[in-house]
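The numbers here are math on the coordinates, done by the rules we state, and not lab data. Predicted model only: the values in this text are computed from it and were never measured. All Cβ positions, even for glycine, are placed from backbone atoms using ideal geometry, and neighbour counts span all protein chains on display.
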Amino acid sequence: MEYLYQYLTFLAQTVTVVAALLVVVSAIAAAGMKRQQQQPAGHLEVRKLNDYFSDLKLAVQESMLPPPAARRVRKQEHKAARRTAKQEAKALKRAAEPDAGRPRVFVLDFEGDLHASRTDHLRTEITAVLAAARDGDEVVVRLESAGGMVHAYGLAASQLDRIRRRGLPLTVVVDKVAASGGYLMAVVANRILAAPFAVLGSIGVVAQVPNVHRLLKRHDVDVEVLTAGQYKRTLTVLGENTEQGRRKFIEELEDVHRLFKDYLVDHRAELDLETVATGETWYGKDALARHLIDELSTSDDYLVARAEDADLFEVRWVEHKRPVERLLGHLESSAHRVAGRWVEKINQWRGGV
């Protein structure tokens, strides 16, 4: 009895601590929501990649000079930076004018997870680019995604469609993977470039629904699944599934696959769907042979080459987050990365692309 009393006391203390933590977290979240209503949720960062590439080159050159020469180089660079400050301001002003000389390339990044969570950032970045873009500019998207939920990647692809409808050339570069929903986004581009060992394809739909009905039945647990509408629920986790429900579920998956293929044909008519829409994936060279991409190239090679004759601007939306939100975001991102490894094998409930 004494042991039981001690255990119950410990349990009560634990519950009290957890409840107190929940109250504190709720208060912080409520305060954060209030501040978010008063302040912008983030800000736009723009970095000129030409300067970044130039700094890399200068850093290597300086490291190879003897110490006195290196000091002279740094001094000269400091003076040059002060001299060109006003010139850069004037250049930015000229860049906004219709008759500005060099073409401009806007560089965006999209790293996808199961829910295409960066779509909100992408839509803001695209809105900003379209507001500043002029005829002759190009948009480059460095895309990495193994796919995920159908509706989430459909919206992400629609955001890239905004660039095409505006008439701006859109180039998607894949360094690692653009599969399933990731390739759904990539296919919007005028040109798709991929690294030699990048993974592309997986043009298919997958769904897996666990069912524990027999386990519950063995323990005399009944589950009632009540619906209004013949196909409101086809397959369930707890209830007993029927052959009719399975057929309807597969029919819905086929409908999504058909929409996927129709979207590919609309944006990349040269694809042989009988060959590529099988759910298989291919590495860069084989993907090129099947017209899934247009050229073998890494994003680094492409951007460095474009920097020779164009001004490159990396555009990124940075969300303002408090420490607690950043911690939760890191935990969520870790969970998404783990889930992403299995997204092509397991996509629960309704299916994914």
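Using the Kirkwood radius over Cα pairs, work out the Stokes-Einstein diffusion coefficient for segment 175-239 at 25 °C and 0.890 mPa s, in µm²/s as a whole number.
Result for D is 156 µm²/s.
Rounded to whole Å, give me the distance from the Cα center of segment 142-199 to that of segment 204-265.
Between the Cα centre of segment 142-199 and that of segment 204-265, the gap is 29 Å.
So if we plug the beta-carbon distance of Glu308 and Thr127 into 1/(1 + (r/R0)^6) with R0 = 30 Å, what FRET efficiency do we get, rounded to 0.05?
Result of the calculation: an efficiency of 0.55.
Could you list which residues have their amide H under 5 Å from that of Val173, counting only those 5 or more apart in sequence or on another chain, with H placed in the peptide plane?
For Val173, the qualifying residues are Val141, Arg142, Leu143, Leu193.
At a 10 angstrom cut-off on C-beta neighbours, averaged per residue, how do the peptides 156-164, 54-62, 309-317 rank from highest to lowest?
156-164, 309-317, 54-62
Can you pull the one-decimal nm distance between simple spin-label points at Asp272 and Tyr52, each 7 Å off the Cα toward Cβ?
Result for the modelled spin labels: 3.9 nm.
From the backbone phi of segment 251-264, what are the Karplus-calculated ³J(HN,Hα) couplings (6.51 cos²θ - 1.76 cosθ + 1.60, θ = phi - 60°) in whole Hz, Gly and Pro given as x?
Per residue, the Karplus-derived 3J(HN,Hα) values read 4, 5, 4, 5, 5, 5, 4, 5, 4, 4, 5, 4, 5, 5 Hz.
Normalise the Cα radius of gyration of segment 111-219 by 2.2 N^0.38 Å (N = residues in it) and let me know the number.
1.33
In terms of modelled amide H atoms, which long-range or inter-chain residues lie less than 5 Å from the amide H of Val107?
Val140, Phe313, Glu314, Val315
Could you compute how fast segment 211-295 diffuses translationally, taking Rh as the Kirkwood radius over C-alpha pairs and applying Stokes-Einstein at 10 °C with viscosity 1.306 mPa s? Give it in µm² per second.
Numbers: Rh = 16.3 Å.
Here the translational diffusion coefficient equals 97 µm²/s.
Counting Lys and Arg as +1 and Asp and Glu as -1, each charge on the Cβ, what is the dipole of segment 196-312 about the Cα centre in debye, to the nearest 20?
940 debye
Would you kindly derive the ³J(HN,Hα) couplings of segment 303-316 from the backbone phi angles with the Karplus curve 6.51 cos²θ - 1.76 cosθ + 1.60 (θ = phi - 60°), listing them in order in whole Hz, with x for Gly and Pro?
My calculation for segment 303-316 gives 6, 4, 5, 5, 5, 5, 10, 8, 8, 9, 10, 7, 10, 9 Hz in order.
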